[in-house]
1. Restricted to the range 167-178, and to residues that are in contact (Cβ under 8 Å) with a residue 24 or more places away in the chain and among the aliphatic types (A, V, I, L, M), which residue is farthest from GLY131 (Cα to Cα)?
2. Can you tell me which residue among VAL151, VAL176 is under 21 Å from TYR68 (Cβ atoms), modelled with pLDDT of 85 or more and either open to solvent by 30 Å² or more (accessible area, probe 1.4 Å) or among the aromatic types (Phe, Trp, Tyr) (or both)?
3. Considering the range 276-290 alone, what residues qualify as being surrounded by fewer than 15 Cβ atoms within 10 Å (Cβ to Cβ) and small (Gly, Ala, Ser)?
4. Filter the range 137-166 for residues that are assigned to a loop (DSSP other than H, G, I, E, B) and in contact (Cβ under 8 Å) with a residue 24 or more places away in the chain; which is nearest to the chain's Cα centre (by Cα)?
5. Any chance you could count how many residues in the range 361-378 are in contact with a Pro (Cβ under 9 Å, 6 or more places away or on another chain) and open to solvent by less than 30 Å² (accessible area, probe 1.4 Å)?
6. What do you reckon, is THR132 β-branched (Val, Ile, Thr), outside any helix (DSSP H, G or I) and surrounded by 16 or more Cβ atoms within 10 Å (Cβ to Cβ)?
7. So, VAL106, is that one among the β-branched types (Val, Ile, Thr), out of contact with any Asp or Glu (no Cβ under 7 Å at 6 or more places or on another chain), part of a helix (DSSP H, G or I) and within 30 Å of ALA188 (Cα to Cα) or not?
8. Kindly indicate whether VAL301 is among the β-branched types (Val, Ile, Thr), open to solvent by 10 Å² or more (accessible area, probe 1.4 Å) and in contact (Cβ under 8 Å) with a residue 24 or more places away in the chain.
Amino acid sequence: MADHRAELARPTSTVAVRGGTLAAGGMSVEMPLWRAISYFRVMALAYALFRYFNAYLDYLHPVSGWIYLGALTLWTLASTRAFAGPLRCTWYVLAADLAFAVTGVVMSGIIDTPARIHGGALTLPTIWAAGTVLGFAGKGGWKPAALAGTVIGAANIVGHGGVSPDNLHNIVLLMVAGCAIGYVVELARASEAALTRALQVEAATRERERLSRDIHDGVLQVLALVQRREGDLGELGRLAGEQERALRTLMTGGPLPRQAGADQDLRTLLTPYADDRITVSAPGTPVLLAGPVAGELAAAVGAAVDNVHRHAGERARAWILIEDEPEAVTVSIRDDGPGYPAGRLGEAEKAGRLGVSQSIRGRLLDLGGTAELYSVPGEGVEVELRVPRREK
């Protein structure tokens with residue numbers, strides 16, 4: 001029990017979902033985007049180098065262009081790891097990236113010829129500057145992306161060609177792409193935050209159900225026994241002492257006694273229920289289940305047997321049948337008591353009597369199994385518990 005509470009108290013780094021897991025840090029949706037940005041920057045650098053190599057002889061100062069592209073290459077390779085995720089890609093890294101993009105755009109207007117600039121020649125970083133805007137989008141959403149796009153767009157207008165159709169077209173594309181990606185990132189983060197909160201609420205609810213089962217199987221059953229029995233005060237005192245220790249352990253956060261992790265023979269856990277009124281039938285060979293699974297299944301059977309004692313009447317008999325199948329283990333508990341009318345279980349649950357809903361169905365649900373109850377007034381009750389075997 002303490003282990004479950006500890007999991008809820010820790011910051012959510014991994015949230016288990018039935019059949020799936022939400023990635024660490026709530027970034028599972030974003031990580032593919034960051035990998036794409038990282039790859040894009042490297043490919044865009046290769047494109048910028050290729051374009052400059054084919055045209056560097058046409059520049060006024062080609063050596064300056066090679067110096068800039070050499071520095072851009074070193075920076076891109078050095079920051080590739082930082083652009084692999086939002087935690088490493090800090091605002092300082094993005095500011096440096098933006099500085100490289102703006103420097104390259106402004107330098108393009110200095111080292112290139114006026115004729116080439118007015119003819120629509122590309123800047124030194126070319127599409128590499130888009131990676132900067134995408135980085136801002138991934139880090140902070142559409143607003144930082146719009147800011148970065150505005151700065152790069154202003155550098156294009158001031159330092160490379162002024163206001164021209166080509167510049168305006170490129171600026172609009174840069175802004176639209178950055179803002180769109182930023183908006184998608186914000187939606188993804190909000191969705192993951194909502195999902196994480198829902199999963200935490202579900203985990204807390206399931207923990208409360210476990211606590212309810214432990215209290216039901218221990219304290220409440222002992223109190224019911226006190227109401228039914230007179231005399232034998234020594235036995236009642238012993239049971240009360242056990243429940244006091246269990247409750248103190250529960251309140252102090254210590255683990256309640258559980259079955260060991262090794263496989264256990266279910267027969268050894270269920271045969272103690274046999275007495276002059278209850279018959280236990282089991283296969284001649286061990287019915288092995290993982291320790292915790294066997295313990296929970298035995299506790300569910302115990303809750304069903306307790307219901308027989310409490311509701312079936314003093315003369316009612318009951319039969320427990322254990323069936324060992326290749327795919328599952330099935331335990332049936334049948335009595336010849338008066339049964340119950342339709343709707344009785346729902347009324348009991350609303351009244352706070354959670355024996356069936358928590359101690360029986362709740363346990364089997366947690367084990368991935370099923371609990372079916374059948375009853376016809378005057379013909380007793382049959383409870384069928386089925387737990388699938390796990391592949392090893």
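The values are calculated or read from the model by the stated rules, or taken from the named source; none is laboratory data. The shown structure was predicted, so the numbers you read here are calculated from the model rather than taken from an experiment. Heads up, the Cβs are rebuilt from the backbone with ideal geometry, glycines too, and the neighbour counts pull from every protein chain shown. The protein model used for the area step is the full one, side chains on, heavy atoms only, and it has no ligands, DNA or RNA in it. Shrake-Rupley method; radii C 1.70, N 1.55, O 1.52, S 1.80 Å.
1. Here the answer is MET175.
2. VAL151
3. SER281, GLY284
4. Across the range 137-166, the extreme among qualifying residues is GLY141.
5. Selection size over the range 361-378: 2.
6. no
7. In short, no.
8. no
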